[in-house]
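As C-alpha cells, the structure follows; a few thoughts come after it.
Here, each number is a calculation from the coordinates, and none is a lab measurement. As the structure is a computational prediction, the values presented were derived from the model and not from experiment. Positions of Cβ are generated from backbone atoms using ideal geometry, with glycine treated the same way; all protein chains shown enter the neighbour counts.
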C-alpha cells in the first residue's frame, strides 16, 4: 500500500494531494488510507496511459463504449491506446467448448417452481396476532386437503397479498426470489403438493401449494458460446493489461504508489 504522506510522482511530475483526495471519494474503502492508496494508483495508471498515448501521437475523435455511452476525450485516448498496444486473441470454438465442459456448474439454469399461496398478513413481532394467523392458516390447509379446488376462493377471500386477485398464483419462482423460509418450503414440495403446515415469513403466515416444476438443467453450449468467448477475452485482456502497465511505469518512473492495476482500468 502507498504511503499517504509520500508524494506520488509519475515521470517526474507530482500528482497533487488535493487531486488524490478528490479521486478517493470515488473509491469507498474500509479506511481512509486504503481509499487514498486506491485513488492514487488509479490516477497514476490513468496518467501513465495518457502520457503513452501522447508519446505515440494517439488523439482519436470522441468515441462510444460498448454500451453506447459517449467517452470523454481522455477515456477515448486510453481506449485507443489499449486497442493499439494490447492485443489478445479471440477465444476459438475449441477453447470455449473446453471452458464449458470444465465449468458445467456455471451453466446450470435455476430450478423454478410455480407457486400458489394464501398470506395471512401479520406483523411477525406480534405473538398473539401471529398465533391467530397460524391457526387460520391451519384451518385453510384442512379445507384445501378436503377440497383442493377451494384454494383460489380462500386466497381471494383471506390473502393479504396482491396475488389474491389471481387466486393466490405467484407464477414461477426461482431461487433467491422469495423469502428463504418460503423458498425452502416451496422447493421441497412435489408438483401439485400442498405444504402440510403453515410457513412463517416477515410478511406473515403462508399456505403454500406447488405447481409445475422446471428442474435445473445444463444450458446448451450454443446458447452461451458468445458469453464464454466474451468472458475469456476479458480475462485475457485483464492479464495483458496487468503486464503492460508495469512496463510503462518502469520506463517513465513511478514513486509513492504500488501498481497493482485498478479493477476498473480495462477497455470498457
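Per-residue ellipticity at 222 nm, computed for the chain from helices alone with -39500 (n - 2.57) per DSSP H run of at least four residues, works out to -15000 deg cm²/dmol.
Rounded if a/c is under 1.5, else prolate if a/b is larger than b/c, else oblate: which is region 135-268, with a ≥ b ≥ c the root eigenvalues of its Cα gyration tensor? Judged from the Cα gyration tensor, region 135-268 comes out prolate (a/c at least 1.5, a/b above b/c). Extending 7 Å from the Cα toward the beta-carbon at both residue 258 and residue 6 defines two label points whose distance is 1.0 nm. If you plug the beta carbon distance of residue 106 and residue 25 into 1/(1 + (r/R0)^6) with R0 = 41 Å, you get a FRET efficiency near 0.70. When the alpha carbon coordinates of region 112-214 are projected onto the principal axes, the ranges are 38, 30, 23 Å, largest first. Ordering 125, 33 by the number of other Cβ atoms within 10 Å of each residue's own Cβ, fewest first, gives 125, 33.
Cβ-Cβ distance of residue 179 and residue 238, R₀ of 35 Å, FRET efficiency by 1/(1 + (r/R0)^6): the value works out to about 0.40.
Grab the beta carbon distance between residue 32 and residue 55, set R0 = 45 Å, and tell me the FRET efficiency rounded to 0.05. So the FRET efficiency works out to roughly 0.85. Using a cutoff of 8 angstrom between alpha carbon atoms and counting only pairs six or more residues apart, the relative contact order for the chain works out to 28 percent.
Residue exposure proxy: 228, 208, ordered by other Cβ atoms within 10 angstrom of their Cβ from fewest to most, comes out as 228, 208. In plain terms, the chain from residue 230 to residue 93 could stretch by 48.1 nm, reckoned as 0.36 nm per residue minus the Cα-Cα distance.
Note on residue 251 and residue 202: the model spin-label points, each 7 Å out from Cα along the C-beta direction, lie 5.4 nm apart. Just the number, please: percent antiparallel of the DSSP beta bridges in the chain, rounded to the nearest 5. Within the chain, antiparallel bridges account for around 100 percent of the total. Under Stokes-Einstein, with the Kirkwood radius over Cα pairs as Rh, the value for region 36-155 at 25 °C and 0.890 mPa s is 113 µm²/s.
Extending 7 Å from the Cα toward the beta-carbon at both residue 143 and residue 218 defines two label points whose distance is 4.8 nm. One equal scatterer on each Cα of the chain, no solvent, Debye formula: the resulting log10 I(q)/I(0) at q = 0.09 Å⁻¹ is -0.71.
Is the shape of region 194-264 best called rounded, prolate or oblate, per the rule: a/c under 1.5 gives rounded, else a/b larger than b/c gives prolate, else oblate, with a ≥ b ≥ c the square roots of the Cα gyration tensor eigenvalues? Oblate, since a/c reaches 1.5 and b/c is not below a/b.
With neighbour counts taken as other beta-carbon atoms within 10 Å, the residues 83, 23 rank, fewest first, as 83, 23. The relative contact order of region 89-180, computed from alpha carbon pairs under 8 Å that lie at least 6 residues apart in sequence, is 36 percent.
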